[in-house]
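Since the structure comes first, as structure tokens, the remarks are kept for the end.
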């Protein structure tokens, strides 16, 4: 099926880019090429804390607040993880034109709905409890 091939090609390329970004951002962090919000030497002190305790003791906020901390090496790595997380959305967006050309309305709408659901979930708009 053509859409499966399109999805697979996008996934292949994007996952390789994502892996490269993970390596680069990790080197920026571990190589201390960017300052760290939590110094690498002290990170083990926080490992045993719950999420709530960690956030409280570091003064970091949950959700998308990490975007304000991108100047720090330990938070620039979040960009790579976020890129990997959105690859599914990009892959779905890539197959929608193929469904439209074939006039396959059901699969087109399913792909669109999937994109909307994933973006809504990632946005935190429907956050209920938890973080």
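As a calculated quantity, the FRET efficiency between residue 114 and residue 68 at R0 = 35 Å, using C-beta atoms, amounts to about 0.75. Were the residues from residue 2 through residue 122 laid out at 0.36 nm apart, the gain over their Cα-Cα distance would be 40.4 nm. Available extension along the chain between residue 103 and residue 22 is 25.3 nm, counting 0.36 nm per residue and deducting the alpha carbon span. Modelled spin labels at residue 79 and residue 33, positioned 7 Å past Cα toward Cβ, are 1.1 nm from each other. With a ≥ b ≥ c taken as the square roots of the eigenvalues of the C-alpha gyration tensor of region 82-131, please select rounded if a/c is under 1.5 and otherwise prolate if a/b is larger than b/c or oblate if it is not? It comes out oblate by the Cα gyration axes.
The fewest-to-most ranking of 50, 65 by surrounding Cβ atoms within 10 Å reads 50, 65. In the set [x] 58; [y] 23; [z] 46, the label that goes with percent of Cα pairs over 24 Å apart computed for this structure is [z]. Relative to the longest principal axis of the Cα atoms of the chain, the long axis of helix 2-30 lies at roughly 10 degrees. So what's the angle, to the nearest 10 degrees on a 0 to 90 scale, between helix 105-123 and the longest Cα principal axis of the chain? Roughly 10 degrees, rounded to the nearest 10.
With R₀ fixed at 41 Å, the C-beta to C-beta distance from residue 57 to residue 90 puts the FRET efficiency at about 0.70.
Values in this text are rule-based calculations from the coordinates and carry no lab data. Keep in mind it's a predicted model, so treat the numbers as computed, not measured. Ideal geometry is used to build each Cβ from the backbone, glycine not excepted, and the neighbour counts take in all protein chains shown.
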